[in-house]
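Values in this text are rule-based calculations from the coordinates and carry no lab data. Keep in mind that what you see is a predicted model, and the values were worked out from it rather than measured. FYI the Cβ positions are ideal-geometry reconstructions off the backbone, even for glycines, and counts take in every protein chain you see.
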Amino acid sequence: MSETQSDTTPFPFRIAVGCGLALLGLAYVSIWVLGQPDLARLGSFWSFAGVGLLGALIANSTGVGGGVVFVPAFSMLRETGVMDLSPTQTVGVSFAIQCFGMSVGSLTWLSRLRAVPDTPTSDHARGTIILICAPLSIAALLFTQMVIRPDPAFAFILFKAFSVLLGLALLAQLVFSPSKDERPAELTRTDMWALAGIGVAGGAATAMFSVGVGELMALYLFLRRFPMDVCVPPAVIVSALSVLSGTPHHIAQGDLVFEILVFAAPAVMLGGFLARRLAHALGATRLKLYASIWITVSSLILIALSF
């Protein structure tokens, strides 16, 4: 069924989507009411709307978390003296921004998948991936936040190395395995064990620098040549559930900069809404290419600025 055909999304599901969007709207109102952003300096933060839109488009169209955009952008602001964001603030703000963008992206992908029925095999694969990765990611994330408490400087070093390796791995997959043939969307027992490990490792990585689980999931599933609609939606949904679970910790620690969220939150919600259309317009191969280039280049710039 084409996307232009009539929408057959069940009414209860539409209600659930509407409730989700209403909660996001209330969360944005709370930025103004509870966060009380400084109106005197608010105008200097408008550029974060562009950063947020770019981050959400990349995150929700590829499964590569928006932190890959936000963390380098915020870190470059700190390194160049434009804004003094501490490492913990950088991660906390990135978490909060992704709550808006990844949540809208998840709802958009789910709405499309419900309105345009897929094969039962693909539906089962997506559900299995989410059920394996989400609980393990959330548990590892909360454990890392509350128990391990990694050194922020060390976490940023890990982020730089992680991002470069991820980008190079994606590029290598395109260069050495360029075939566009996709295998059936069936998970093996080995896939399930690999995804369980990705959930744990990705959750811990996400706790340290706000990116990890979505990137590892998308990379693994792309390398296994699953169809795009099996690779990207689970990565987006698990990333959304993970950052939603981890953001209360940063709120309690006072890591949020509400002036940034004023502009970034609406932009990432728009990006989350548009990203699924962008993904289908580009196709899986170009998605992987653009994601790998961005991850590698942005991380190399961040490394250069740290010296």
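The packing ranking, built from the mean of other Cβ atoms within 10 Å per residue, places the peptides 205-212, 42-49, 21-28, 123-130 in the order 205-212, 123-130, 42-49, 21-28, highest first. With K and R counted +1 and D and E -1, the other residues having a Cβ less than 14 Å from that of Gly199 yield a net charge of -2. Inter-label distance, Ala201 to Val175: 2.1 nm, where each label sits 7 Å from its Cα along the C-beta direction.
Sorted ascending by nearby beta carbons within 10 Å, beginning with the fewest, Glu259, Glu215, Glu186 become Glu186, Glu259, Glu215. Once you place label points 7 Å from the Cα toward the Cβ at Arg286 and Ala16, how far apart are they in nm? Result: 3.3 nm between the two label points. Fully extending the segment from Ser47 to Leu223, taken as 0.36 nm per residue of separation minus the present Cα-Cα distance, adds 59.8 nm.
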